[in-house]
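Following: one structure in structure tokens, then a few remarks.
The values are calculated or read from the model by the stated rules, or taken from the named source; none is laboratory data. Keep in mind that this is a model prediction, so the values were computed, not measured. All Cβ positions, glycine included, derive from the backbone under ideal geometry; neighbour counts span all protein chains shown. Remember, those area values only see protein heavy atoms, side chains included, never the ligands or the DNA or RNA. Shrake-Rupley method; radii C 1.70, N 1.55, O 1.52, S 1.80 Å.
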Amino acid sequence: MPHSILAPVFIGLRIGLHSLLMGLTVFAVARAFIVSSPDAMWVLIAGVAFVAVYLAGAWAARTADDRRLPHSFVAAWVALLTLLWVVLMWLSPEGAYLVFPLFFLYLHVLPVAGGVAAILVTTGFAICAIGLHIGFSVGGVIGPLVGAGVALLIGFAYRALMREAAERERLLAELVRTREQLAETERKQGALAERARLAREIHDTVAQGLSSIQMLLRAAERDTPEPGAGYLKLARETAANSLIDTRQIIRELTPSRLNNGLAAALRRLGQEQEKQASIPVRVTVEDIDLPMAIQTALLRIAQGTLSNTVRHAAASRISVELTSAEGSAILTVQDDGRGFDVSSAVTNPNNVNSFGLRAMQERIEQFDGTLDITSTPGQGTTVIARLPLPVRDEMES
């Protein structure tokens, strides 16, 4: 787990285990020579073989990186290491001390049941070896048993720590992905909002001005004799062509989904979400004549709401409805999902839902509309966006 903040802890534990095993092996060999044991040379050979096998397994695990070693290799390595320990313990009573680092090794490389079984068996061997060398005593029995109990507690705590670290690593990776997705969404929405703003500005300034010029020139053309009327006609046709080009630019700046109108775009959006998420999406829309800016705003609100519903609500059905009443276009998106605490989502800037809600609210406020969100945890969510309809003269211009 190289990227975990707990990686130094695990590295320290492994270094401690290596140091403990090496130190106890050196102690057992040195002790055999100090007391002039007749088996001192055999103790040295067994100790060197024990350390060599241990280092070979540790090196194999290190070079494997994130790949798991084959179970057969691990089992053979542990069995050979245990056999050499038994030989060393049989030759020197100090070899029994090595059982303590072996406890941790069993719990680390073997399954839980296998590790516990290995600890119980080696504890029995250690008690018997100590008893045969220096005689059976209460300390000779209690010592290995206490060591085994402590090793089990520490080993289980180590496993729990590893699980916690893995969960934290997963959550951190998920948080990073979510932040990247939110940043990308914010960038796209910012670009789309700027395109929509430019389209509105061009419509309200250049297009309106060209339309007014065209009408004034038409009126002047009727009252002007030739050859002036010809020049006015040419100027009017030039203004008309420029107006056509301007409206083409406005159409290109607006979302391509709206080429066939908002109703078709909402139906297509519902079909896409239903196909991607396998959730039934019922779309009921009226063919309302709306300015492009309002169509864009309602489409973006529907997209954001459906996206949040699919990703977070765990809903079994979704409905989208577009109606008009009391001089307003009303978009309603309803689901039967898990719901959420609206006040908490709005006031907490770190909440995943808060950005989308703020974006919808800001989009609604641009048109002096209202956004109503009703949601109860466990009882679904209803989002209602109301945008006032412009008067007929404004729509035709």
| task | Show that you can apply the helix-only estimate: for the chain, add -39,500 (n - 2.57) for every DSSP H stretch of four or more residues, divide by all residues, and state [θ] at 222 nm to the nearest 500. | result | -23500 deg cm²/dmol
| field | Using alpha-carbon coordinates, inclination of helix 7-34 to the longest axis of the chain, degrees | value | 10 degrees
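How big is the C-alpha Rg of segment 208-317 next to the rule-of-thumb value 2.2 N^0.38 Å, as a ratio?
Scaled against compact globular proteins, the figure is 1.69.
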| request: Could you work out the relative contact order of the chain, using alpha carbon pairs under 8 angstrom and six or more residues apart, expressed as a whole percent? | output: 9 percent
| query | So, in nm, how far is label Q248 from label C128 when the simple model puts each one 7 Å beyond its Cα toward the Cβ? | reply | 9.6 nm
| request: Give, to the nearest whole percent, the P(r) tail of segment 62-158 beyond 22 angstrom, counting all Cα pairs. | output: 31 percent
| query | How large is Rg/Rh for the chain, to two decimals, with Cα atoms and a Kirkwood Rh? | reply | 1.36
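For the chain, what is the accessible area per residue in Å² when the probe is 1.4 Å?
Working: 22840 Å² over 397 residues.
Ligands and nucleic acids excluded, the figure is 58 Å² per residue.
Out of the total accessible area of segment 94-187 (probe 1.4 Å, heavy atoms of protein only), what percent is carbon and sulfur?
On the way: 3800 of 5390 Å².
Carbon plus sulfur share of accessible area: 71 percent.
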| remark: Plugging the Cβ-Cβ distance of E326 and E362 into 1/(1 + (r/R0)^6) at R0 = 30 Å yields, to the nearest 0.05, a FRET efficiency of 0.80
| Farthest toward positive dipole pole in the chain [+1 Lys/Arg, -1 Asp/Glu at C-beta], among L175, A191, A129 | A129
| field | Calculated FRET value between S36 and E164, using beta carbons and R₀ = 51 Å, to 0.05 | value | 0.50
| query | For segment 165-255, what ratio Rg/Rh do Cα atoms give with a Kirkwood hydrodynamic radius? | reply | 1.49
| note | Connecting every pair of Cα atoms under 10 Å apart in the chain and solving the GNM, the largest mean-square fluctuation among V53, V285, V342 falls on V53
| Given +1 on the Cβ of Lys and Arg, -1 on the Cβ of Asp and Glu, and no further charges, what dipole in debye does the chain carry about its Cα centre, rounded to the nearest 20? | 1260 debye
